[in-house]
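To start, the structure under review is shown below, and the notes come after it.
The values are calculated or read from the model by the stated rules, or taken from the named source; none is laboratory data. Predicted, not measured: the structure shown is a model, and the values here were computed from it. Here the Cβ is made from the backbone with ideal geometry for all residues, glycine too, and neighbour counts use every protein chain on show. Heavy atoms of the whole protein, side chains included, go into the accessibility calculation; ligands, DNA and RNA do not. Shrake-Rupley method; radii C 1.70, N 1.55, O 1.52, S 1.80 Å.
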Protein chains: 2
Amino acid sequence: MTSADLETRYRSYLDTLNERRLDDLVHYVQDELSYNGETMTRRQYQDLIAADITAIPDLIFDAEILIASVDHVACRLVFNCTPQHEFLGFSPNGERLCFAEHVFYRFRDGRIAAVWSLIDRPAIEAQLRASNKMASTGVASKESI
Amino acid sequence: MTSADLETRYRSYLDTLNERRLDDLVHYVQDELSYNGETMTRRQYQDLIAADITAIPDLIFDAEILIASVDHVACRLVFNCTPQHEFLGFSPNGERLCFAEHVFYRFRDGRIAAVWSLIDRPAIEAQLRASNKMASTGVASKESI
């Protein structure tokens with residue numbers, strides 16, 4: 001598979017997530033994969049994503065930067081969303097959040113075999129803090145993110 | 001510049017950092033760049049890296065995963081180091097730490113024009129917490145990172 005093919009394949013994977021066709025992950029994810037160093041089944045991986053979507057119904061995976069080689073993909077995903085329930089250990093407050101995820105994937109035979117993901121947790125914390133402060137004081141925060 | 005050329009160029013940039021030839025950054029970084037959305041001069045960028053090296057004298061930039069296109073680079077850097085002074089807002093305790101950075105670069109005319117970096121701060125927090133707890137109780141922690 002060329003790097004162009006793998007980029008196309010990864011964009012199809014994101015479409016699968018954004019169109020909530022999670023059962024189609026069988027075409028994009030190995031039966032077993034490594035996620036941040038932990039071995040899990042595809043079903044467990046699917047359940048993780050399903051839980052994120054339940055907590056954040058308007059979650060859209062938007063690839064701001066995408067680079068592919070013949071067997072790896074790196075993506076800077078940017079999320080503009082309004083979480084409704086606890087996610088990543090955060091309690092949402094009904095406000096819109098914007099944050100990034102920097103994620104690397106290793107593919108084997110066209111399907112994801114390993115994922116290394118970092119999420120911009122400080123950005124989420126700062127936005128929740130700013131909007132909670134604004135709500136409690138009634139004064140707009142100067143912080144802009 | 002091909003993606004192979006850009007990968008070679010980026011590896012030379014890492015060598016420059018690892019060999020502490022920071023004045024050579026002029027060959028790899030634009031006069032002005034964007035760093036996590038903030039505009040800064042190359043001198044300010046160099047000062048940031050110099051401060052990291054002062055705090056962590058054994059800091060080595062080790063590319064675990066590296067992907068290049070014609071104008072972008074994505075790298076998962078893994079650090080195995082022993083910070084000596086405060087860094088990223090953390091107070092080190094003399095113990096060895098292992099953590100990752102996921103960083104994207106946009107190059108223009110062969111030099112870095114923009115950087116988007118996320119550091120695995122939760123891993124640093126967990127390791128500091130575990131080793132501080134071990135020191136205070138005298139019992140080895142079960143956490144391994």
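Descriptive notes on the structure:
- Residue within the stretch B:100-111 that is away from chain A (no Cβ under 11 Å) and either among the hydrophobic types (A, V, I, L, M, F, W, C) or out of contact with any strand residue (DSSP E or B) (no Cβ under 9 Å at 6 or more places or on another chain) (or both) present: yes
- Strands (runs of 3 or more DSSP E) contained entirely in the stretch A:16-71, each with at least 1 residues that are within 16 Å of the chain's Cα centre (by Cα): A:29-35, A:62-68
- Condition check for A:Thr39: more than 14 Å from chain B (Cβ to nearest Cβ), β-branched (Val, Ile, Thr) and under 21 Å from A:Arg21 (Cα atoms): no
Results for (1) within 14 Å of chain B (Cβ to nearest Cβ); (2) open to solvent by 10 Å² or more (accessible area, probe 1.4 Å); (3) more than 20 Å from B:Ile119 (Cβ to Cβ); (4) in contact (Cβ under 8 Å) with a residue 60 or more places away in the chain, shown as yes or no for each residue.
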residue	(1), (2), (3), (4)
A:Tyr13	no, no, yes, yes
A:Asp71	yes, yes, yes, yes
A:Pro83	no, no, yes, no
A:Leu88	yes, yes, no, no
A:Ala123	yes, yes, no, no
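- Condition check for B:Ala135: under 18 Å from B:Tyr10 (Cα atoms), among the aliphatic types (A, V, I, L, M) and either modelled with pLDDT of 95 or more or not in a loop (DSSP other than H, G, I, E, B) (or both): no
- Any chance A:Glu32 is farther than 30 Å from B:Thr2 by Cα, surrounded by 12 or more Cβ atoms within 10 Å (Cβ to Cβ) and more than 14 Å from chain B (Cβ to nearest Cβ): yes
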